[in-house]
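Reading through the structure tokens given below for one structure.
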Amino acid sequence: GLEISVHVRDVGDLRGPAGAWAGGTELGSWIEGFTLFPSGGLRAEEVLCQAVHADGSLSAAVPGGVFSGTTGRGRPLAGFIVRLADAAALSWQCWYSARFADGTELGPLGAGARCQAPSLAALTAMRIVVSRMGAR
């Protein structure tokens with residue numbers, strides 16, 4: 001139910017299939033922003049995401065299909081949050097994981113959890129899995 005597009009420093013936009021890792025593999029590359037694309041019956045307004053900026057502050061929550069983060073400013077994200085809104089939270093489940101420039105790996109974390117390294121290291125890769133309750 002969810003594809004992701006990430007904007008990676010010095011690489012550009014990379015789009016990945018549902019449930020796959022998305023991000024840079026080159027040393028020094030980090031994610032500057034991302035867009036989530038709901039599918040399979042999950043509506044854009046039912047998925048809310050926020051970027052964690054390098055200073056630890058949060059961006060405004062935006063629905064699926066809307067870019068979250070910065071691009072062209074050379075500023076990495078330090079993490080993210082994904083929530084399911086309304087009735088979607090009753091019929092869908094969401095888990096996510098992340099990798100950071102300092103070697104930290106987190107996840108899977110449940111919907112609504114703040115996914116960031118304690119050091120606020122740059123986010124280098126992210127994976128988000130959304131599925132209907134009871135699906136495998």
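Summary of computed values
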read-out: Subset of the range 80-101 [within 12 Å of the chain's Cα centre (by Cα) and either under 19 Å from ALA20 (Cβ atoms) or without any contact (Cβ under 8 Å) to a residue 24 or more places away in the chain (or both)]; value: PHE80, VAL82, CYS94, TRP95, TYR96, SER97, ALA98, ARG99
read-out: Qualifying residues in the range 1-44 (those that are within 26 Å of GLY103 (Cβ to Cβ) and of a type in the set (Phe, Trp, Tyr)) - the one nearest to the chain's Cα centre (by Cα); value: PHE34
read-out: Whichever residue in the range 71-98 is in a loop (DSSP other than H, G, I, E, B) and farther than 24 Å from SER131 by Cβ and, among such residues, is modelled with the highest pLDDT; value: PRO76
read-out: Wholly within the range 1-70, strands (runs of 3 or more DSSP E) carrying at least 2 residues that are over 26 Å from SER91 (Cα atoms), modelled with pLDDT under 95 and open to solvent by 10 Å² or more (accessible area, probe 1.4 Å); value: 12-16
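Listed here are the residues, each with its yes/no results for (1) within 15 Å of ILE4 (Cβ to Cβ); (2) out of contact with any Gly (no Cβ under 7 Å at 6 or more places or on another chain); (3) of a type in the set (Gly, Ala, Ser).
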| site | (1), (2), (3) |
| --- | --- |
| PHE34 | yes, no, no |
| PRO63 | yes, yes, no |
| THR70 | no, no, no |
| SER91 | no, yes, yes |
| THR104 | no, yes, no |
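The values are calculated or read from the model by the stated rules, or taken from the named source; none is laboratory data. Quick caveat, the model's predicted, so the values are computed rather than measured. Cβ atoms come from the backbone with ideal geometry, glycine included; neighbour counts cover every protein chain shown. SASA here: full protein model, heavy atoms, side chains in, ligands and nucleic acids out. Shrake-Rupley method; radii C 1.70, N 1.55, O 1.52, S 1.80 Å.
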